[in-house]
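A.B. asks: Okay, here's the structure, questions in a sec.
The values are calculated or read from the model by the stated rules, or taken from the named source; none is laboratory data. Here the structure is a predicted model, which means the values were calculated and not measured. With ideal geometry, Cβ positions are generated from the backbone for all residues, glycine too; neighbour counts draw on all protein chains shown. Ligands, DNA and RNA are excluded from the accessible area calculation, which covers all protein heavy atoms including side chains. Shrake-Rupley method; radii C 1.70, N 1.55, O 1.52, S 1.80 Å.
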Amino acid sequence: MYNEGGDYNPATGVYTARVPGFYWFSATLVKGLGTNVDWVTCYLRVNSIDKLFLYTDPMSENDRDGYSFTGSAAFRLQVGDRVQVGRCSNGQSIDNGQATHFSGFLIKPDL
């Protein structure tokens with residue numbers, strides 16, 4: 001919704017740091033209502049390396065209800081480092097509407 005500086009590419013879902021420093025990222029994913037899967041996993045990734053495991057597993061098998069899961073982490077990034085949500089299993093069941101989101105911001109630039 002807000003992309004100050006254009007560091008986030010909405011077409012690819014990748015944030016590319018242009019300022020070195022300490023960043024905070026958060027991802028909330030929603031397993032869509034009516035999808036017939038038991039669990040969904042994804043990773044918050046930095047430079048294509050898995051850094052944070054995101055996971056939801058409803059209590060019953062093949063639960064068709066919707067569930068959300070959120071993960072947040074802080075990373076020290078250098079210029080050109082790339083952050084994204086990826087390597088999702090059962091990713092077709094993730095609701096890509098307004099309930100699912102990825103956000104990040106610079107906490108403190110390196111001096």
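A.B. asks: Would you please name the residue that is most open to solvent (accessible area, probe 1.4 Å), looking only at residues in the range 83-99 that are over 13 Å from Pro10 (Cα atoms) and at pLDDT 75 or above?
C.D. replies: Checking each candidate, the answer is Arg87.
A.B. asks: Between a residue in the range 96-109 that is within 21 Å of Ala74 (Cβ to Cβ) and any residue that is at pLDDT 85 or above and open to solvent by 50 Å² or more (accessible area, probe 1.4 Å), which pairs come within a Cβ distance under 7 Å, given they are 6 or more apart or on different chains?
C.D. replies: Sorted first by the residue in the range 96-109, then by its partner, the pairs are Gly104/Trp24; Phe105/Trp24; Ile107/Phe22; Ile107/Trp24; Lys108/Phe22.
A.B. asks: Out of all the residues in the range 5-58, which are open to solvent by less than 30 Å² (accessible area, probe 1.4 Å) and acidic (Asp, Glu)?
C.D. replies: Asp7, Asp38
A.B. asks: Right, here's the next one. Kindly list, by first and then second residue, each pair from a residue in the range 10-38 that is in a loop (DSSP other than H, G, I, E, B) to a residue that is among the basic types (Lys, Arg) and at pLDDT below 95, limited to pairs with Cβ atoms under 8 Å and residues at least 6 apart or on different chains.
C.D. replies: Pairs found: Leu33/Arg64; Gly34/Arg64; Thr35/Arg64; Asn36/Arg64; Val37/Lys31.
A.B. asks: Tell me yes or no: at least one residue of the range 36-46 is modelled with pLDDT of 90 or more and over 10 Å from the mean Cα position of the chain (by Cα).
C.D. replies: yes
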